[in-house]
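Take a look at the structure set out below.
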């Protein structure tokens, strides 16, 4: 337990030092805030690089649904459907883009488990009854299992 505390403190010190202003002749544009770095990697579809950064941020503050959503998307793009699904469910539980989170989780499991897919789609539609994509996928899933 003490090891985790020391590792957390060390990581926090590193992150704080990365955020501090540097007095060098290097252009300030090269020193990105860690959240800016995540956004930049996300926008550039650099998912393999982004996941460790998100892991670090989540270990510091696991209450930010956006971080889980972004990591879920990244893992999904790298075909880690199970990890992606877990992160989307966590994102939804933290009330971040709840309908989208459940919808994305449903898409991940739709390859293997139509019943679980339906469960997540229902949750997506509960969060946003106007989610057209979730409605469409729900009907397709119902057709696949013969309940329509």
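A short reminder: the numbers here are calculations on the coordinates, not readings from a lab. Computed from a predicted model, the values in this text were never measured in an experiment. Here the Cβ positions follow ideal geometry from the backbone for every residue, glycine too, while neighbour counts run over all protein chains shown.
Computing FRET efficiency as 1/(1 + (r/R0)^6) for residue 82 and residue 35, where r is the C-beta to C-beta distance and R0 is 22 Å, gives about 0.25.
Compute the relative contact order of the stretch 72-129 as a whole-number percentage, counting only Cα pairs closer than 8 Å that sit 6 or more residues apart in sequence. Relative contact order comes out at 28 percent. Take the Cα of residue 147, step 7 Å toward its Cβ, do the same at residue 130, and the gap between the two points is 2.7 nm. Backbone N atoms of the stretch 56-78 closer than 14 Å to the 7 Å Cα→Cβ label point of residue 95 belong to residues 63-66. Summary value for the stretch 33-145: 16 percent relative contact order, contacts being C-alpha pairs under 8 angstrom separated by 6+ residues. Extension gain for residue 44 to residue 139 (0.36 nm times residue separation, less C-alpha to C-alpha distance): 30.9 nm.
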